[in-house]
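Following: one structure in C-alpha cells, then a few remarks.
The values are calculated or read from the model by the stated rules, or taken from the named source; none is laboratory data. Since the structure is predicted, the reported quantities are computational estimates derived from the model, not experimental observations. Cβ placement follows ideal geometry from the backbone for every residue including glycine, while neighbour counts extend to all protein chains displayed. The area values use the complete protein model at the heavy-atom level, side chains included, leaving out ligands, DNA and RNA. Shrake-Rupley method; radii C 1.70, N 1.55, O 1.52, S 1.80 Å.
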Amino acid sequence: MAEIKIMVTVDNLKYRYPLTEELALKGVSLEIASGEFIGVIGPNMAGKSTLCQALVGLVPQFYHGAYGGRVIIDGLDAAHIELSKLASKVGIVFQNPFTQVTGAKMTVYDEVAFGLENMGLARTEMIRRIDEALTMLDIYEFRSHNPFDLSGGQMQRMAIASIIAMRPQVIIFDEPTSQLDPQGSEEVFKAVRSLSRQGMTIIMVEHKIEKIAKYADRVLLLHQGRVVDFDRPQKVFSRPDLENYGVTAPVFTNICKGLNITDKTSGLYPVTLDDTYRQLRANNSEFGK
Amino acid sequence: MNSMSLYQPRQSLIHRIDPISKIFYILAAVAVPFILPTVTVAVICLLVSAVILLLAKVFRKVIPLVGFSMVILLSVVVIQGLFMAENKIPLFRLGPLIFYQEGLSFALGLSLRVLNIISAFAILVLTTKPSDLIESLVRKGLSPKIGYVLSSVLQIIPQMTATMGTIMDAQRSRGMETEGKLAVRLKAFFPLIGPVVMNSLINTRERAMALEVRGFNSPVPKTFLNQEFKSAYSKIIQWTLILIIIMALVWRILGWLK
C-alpha cells in the first residue's frame, strides 16, 4: 500500500486579530494528506476564513495579531517563510472574483501570467503553464478578453487558473461561489472537481452543503474557533447535534433521517442522491426496486 | 471595458516602434523648440509630429485634445496681445481693443510650444498600449511596484466609478435626491462618499492579499511574458534624436558666441 504523505499539518493553532479580545482560532489541530478534498463548514465567525488565511501565511504575516501554534505546509512553516516562497506550495482563491483581478493586465492571458512573472519563470515555461491552466479551466477562448469583461463565473475560473498556473500542491478555496449565480457556481465546482481528480490537495470553505457532501473526502466542522468534527461527510452530517453548530445537513440526509434510511452496519445516513439510491437498494426497500 | 487609456489600436509603422523611442521623441520635440526658440523651429517640430500622427492613422484623435487646449491658448493670446508689459507696436484694432505685436508674437511662440508638447505626447499615448509602456519602463529599471500602481490605476479607477454609480443608484432607489441644484448635489455627496470609500478600502485590502499570494513581493528578479520590443531601428531612432538635441544645443551656443 502506498505511503500517505501528510501535506498540511496544523498544530494547536491559536490566533487573535489585532484590536480584538476573543481568539478567532482556539487551538485548531489537524492533518491533511496529499490529494485529499477537504470541505470546511461552520457558521459565520467559526474561524473558517481565518484558518484559510493561516494556511497561506496571510495570518500572521499580513494581518499580524497574536499567533500561537504551527502551520506546516509540505515542510514549510507558513508563519515564518516568505509568502512568495509559500505561494509555490499553496494558493488561495478568495470569494470575490473582482478583487482577485490585479487590474494591471489588459488580457486574461497576461493576467494569468502575473504570478509566473513574479516567480521569475522563463517565457516558454510561462506559456506552457498558462495554456494548460486556461484549457483546464475551460476559458482558453477568453484569453484575449479584458479580465474585467468576464462574467463572475469566468472571472473566478480565471482566478483559479492564475493560482494553478503557479503549480501549488495545495489550493484553498474560501467560499469561491458565494458571489456567483448557479451557473457560475457550477462552472467553479466542475473546475475544482477536475483539479481534485488530478491529485491536487483541495481545501474548500463552502456554505453549499450539498456540494461539499458530494465532493469532499472529509469534512471539517468548525464552531467558534474550535474543531468540532473532522471526518467523512456521512459521519459529520449524521451527527444528531449538527444544527447546534449552525449547520444544516444536506437535503438527502434530512430526508433519510425522516424516513430512517440508514446504513445498517454503521448507522450513518446517506448524504447525496447516489448514496441514498444505493442505500435504498441495499436495504431492499420498495424505493430501490 | 472602460479604461482610462487613450490607446488607439491600429496597424501602423508608428505602433510598431518601441515605447522608449517614443519617449526619446517627446524629449526631442519638447527640448528643441526650447533650445531654439524661433517660430520656424516650433512649426517644423509641429509639422513632424503631425506627419507622425498621420502615419499612425490617429491624427483625428488628436483634434479633440488640441481643441481643448485651444480654449486656454486663445485666452493666452488675448491677454498677452492686449496687456503684456513689453507691448509697444500696435498691430491691429478690434473695436476699442488694441492688439500689440510683441504680445501676440510671444503668445504665438508659447502656443506653438504647448501644441508641440501635446502632439508629441499624443504620439506616445495614442499609439502605445499603457501596459507595454509600463513594461518597457520596468525593464529599464522602474520599480515593478510603481509600474503596478501606474498600470492598475488605468483600469481600477473606471471600476471604482462604476461602483460609485451602483451605490448612487441604490441611494436614488431609496428616495435620495441626487440631481438638481448644487445644494441638493452636495447633500447627496456625503452619504455617497462613505460607502464608496469603505468599499474601495475593503477591495484594496483584498486585492493586496491576492497580490501577495501571487508572489508580488518576491525577491526573485521579475521576468516578462511579452517579449521585449526589439527593433533594429530602435537604437538608430534613439541616437538620431539625441543627435538632434545635441545639434540644437551646439547651434544655440554658436549663436551666443557670434
- prompt: Roughly what % of DSSP beta bridges within the protein assembly as shown run antiparallel, to the nearest 5?
  reply: 60 percent
message: Can you compute the radius of gyration and Dmax for chain A, using only the Cα atoms, both in Å?
response: 19.9, 62
message: Sorting check: for B:169-181, B:17-29, B:135-147, which peptide has the highest mean count of neighbouring beta carbons within 10 Å, and how do the rest follow?
response: B:17-29, B:135-147, B:169-181
message: Considering all projection directions equally, how large on average is the shadow of the alpha-carbon convex hull of segment A:250-289, in square nanometres?
response: 2.4 nm²
task: Take the Cβ-Cβ distance between B:Lys145 and A:Asn244 as r, set R0 to 30 Å, and report the resulting FRET efficiency rounded to the nearest 0.05.
output: 0.05
- request: Collect residues whose amide H, placed 1.01 Å from N in the peptide plane, falls under 5 Å from the amide H of A:Val40; neighbours closer than 5 in sequence don't count.
  value: A:Met204, A:Val205, A:Glu206, A:Leu220
task: With N set to the residue count of segment A:179-262, report its C-alpha Rg divided by 2.2 N^0.38 Å to two decimal places.
output: 1.16
Derived scalar couplings ³J(HN,Hα) [segment B:144-149; Karplus, 6.51 cos²θ - 1.76 cosθ + 1.60; whole Hz; x for Gly, Pro]: x, 5, 5, x, 5, 4
- line: With R₀ set to 51 angstrom, the calculated FRET efficiency between the beta-carbons of B:Leu182 and A:Ile72, to the nearest 0.05, is 0.25
field: Degrees separating the helix A:152-164 axis from the principal Cα axis of chain A, which is the longest one
entry: 70 degrees
statement: Here the protein assembly as shown gives, from Cα atoms, an Rg and Dmax in Å of 31.6, 114
message: With +1 on the Cβ of every Lys and Arg and -1 on the Cβ of every Asp and Glu, and nothing else charged, how large is the dipole of segment B:135-213 about its Cα centre, in debye rounded to the nearest 20?
response: 180 debye
message: Please give the charge dipole size of segment A:250-289, origin at the Cα centre, charges +1 on K and R Cβ atoms and -1 on D and E Cβ atoms. Round to the nearest 20 debye.
response: 80 debye
- prompt: Under 30 Å from the Cα of B:Lys22, which lysines turn up, not counting those fewer than eight places away in the same chain?
  reply: A:Lys105, B:Lys57, B:Lys61, B:Lys129, B:Lys140, B:Lys145, B:Lys222, B:Lys230, B:Lys235
- line: Result for chain A: accessible area per residue, probe 1.4 angstrom, in square angstrom, of 43 Å²
task: Calculate, for B:Leu13 and A:His64, the FRET efficiency according to 1/(1 + (r/R0)^6) with r their C-beta to C-beta distance and R0 56 Å; round to the nearest 0.05.
output: 0.55
query: When the helices in chain A are scored as -39500 (n - 2.57) per DSSP H run of 4 or longer and the sum is shared across all residues, what 222 nm value do you end up with, to the nearest 500 deg cm²/dmol?
result: -10000 deg cm²/dmol
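Over the protein assembly as shown, with every protein chain in place, what whole percent of the accessible area is carbon and sulfur at 1.4 Å, could you tell me?
62 percent
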- line: Any residue on another chain or 5+ positions along whose placed amide H is under 5 Å from the amide H of B:Leu91 is listed here as B:Phe99, B:Tyr100, B:Gln101
- prompt: Amide H to amide H under 5 Å from A:Gln224: which residues, 5+ apart in sequence or cross-chain, H placed 1.01 Å off N in plane?
  reply: A:Ala46
message: What distance in nm lies between label points placed 7 Å from Cα along the C-beta direction at A:Glu31 and B:Ala162?
response: 4.7 nm
task: Using label points projected 7 Å from each Cα along Cα→Cβ, tell me how many nm separate B:Leu249 and A:Thr107, to one decimal.
output: 4.1 nm
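Normalized C-alpha radius of gyration of segment B:1-100, against 2.2 N^0.38 Å?
1.45
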- request: Kindly rank A:151-160, A:186-195 from highest to lowest mean number of other beta carbons found within 10 Å of each residue.
  value: A:151-160, A:186-195
- request: Mind jotting down a quarter of the surface of the convex hull over the alpha carbons of segment B:135-213, in square nanometres, one decimal?
  value: 6.9 nm²
task: Could you pull the Cα extents of segment A:100-167 along its three principal axes, largest to smallest, in whole Å?
output: 30, 23, 17
field: Summed side-chain charge close to A:Val228 - residues other than A:Val228 whose Cβ falls under 13 Å, Lys, Arg +1, Asp, Glu -1
entry: +1
Area hidden from solvent between B and A (accessible, protein heavy atoms only, 1.4 Å, total, Å²): 3400 Å²
message: Cα atoms only: what Rg and Dmax, in Å, come out for segment A:20-70?
response: 11.7, 37
task: Can you grab the distance from the C-alpha centre of segment B:169-229 to the C-alpha centre of segment A:184-208, Å, no decimals?
output: 29 Å
